[in-house]
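These notes concern the structure reproduced below.
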Amino acid sequence: MDNPPNRCYYCKNELFSKLLMVAKDQGINYVLDGSNFDDLNDHRPGMKAAKELGVRSPLKEAGITKEEIRCFSKEMGLPTWNKSSFACLSSRFPYNSRITKEKLNQVDRGEMILRSLGFQQFRLRHHGEIARIEIPRDQFLLMVEKVDQVVEELKTCGFSYVTMDLQGYRTGSMNETLKEEDKNV
């Protein structure tokens, strides 16, 4: 099956397995990931792979949320304190749809265009000929100002239709279509 609901499990299993081999070769006792407490509230199959392989998640284990991480980072003067979250490009596609290199390139190019136009937090979701843009509601007016340019430039990526999701930006929006049994895979 292409792009199954537990795709992240397979990817993280592969990634963590390789990192564990490197750690062992280097005499490192633990492999850590950056999952935080908020990740427990979403469909995250990769956490199952981490648990099975003994990968630790110190932020999650300490109950630290994404907002707390941002606050701590800002207090420490880290330049990444307000960096937009960036999920795997596979998360831009509906589950059970075929992902190709060409489609990944479409999304990547489209998101580079949105970033160059001043959008900071967004997702470009790939629905065949349709590009569905999610942006925070406080950026809706910016989209209205730049709508002609956005449409024109995203069509150069190969999309026939360009839409904006009126619910706004939200992480895991592709998970909204999952049935409960798919979330437990």
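The values are calculated or read from the model by the stated rules, or taken from the named source; none is laboratory data. These figures come from a predicted structure and were not determined experimentally. Cβ atoms come from the backbone with ideal geometry, glycine included; neighbour counts cover every protein chain shown. Heads up: the accessible areas ignore ligands, DNA and RNA and are worked out on the full protein's heavy atoms, side chains in. Shrake-Rupley method; radii C 1.70, N 1.55, O 1.52, S 1.80 Å.
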Glu111, sole failed condition from (1) over 20 Å from Glu14 (Cα atoms); (2) open to solvent by 40 Å² or more (accessible area, probe 1.4 Å): (2)
Just to be sure before I move on: is Met164 under 30 Å from Leu40 (Cα atoms) and open to solvent by less than 50 Å² (accessible area, probe 1.4 Å) in the structure I sent? no
Among the residues of region 82-98 satisfying the criterion of being within 23 Å of Gln121 (Cα to Cα) and at pLDDT 90 or above, which is most open to solvent (accessible area, probe 1.4 Å)? Pro94
Given (1) surrounded by fewer than 19 Cβ atoms within 10 Å (Cβ to Cβ); (2) in contact with a Ser or Thr (Cβ under 7 Å, 6 or more places away or on another chain); (3) basic (Lys, Arg), identify the lone condition not met by Arg7. (1)
Give region 50-77 a look and list any residue that's outside any helix (DSSP H, G or I) and either closer than 11 Å to Asp38 by Cβ or polar (S, T, N, Q) (or both), or say none. Ser57, Gly63, Ile64, Thr65
Would you call Glu145 farther than 27 Å from Gly46 by Cβ, buried (at least 18 other Cβ atoms within 10 Å of the Cβ) and out of contact with any strand residue (DSSP E or B) (no Cβ under 8 Å at 6 or more places or on another chain)? no
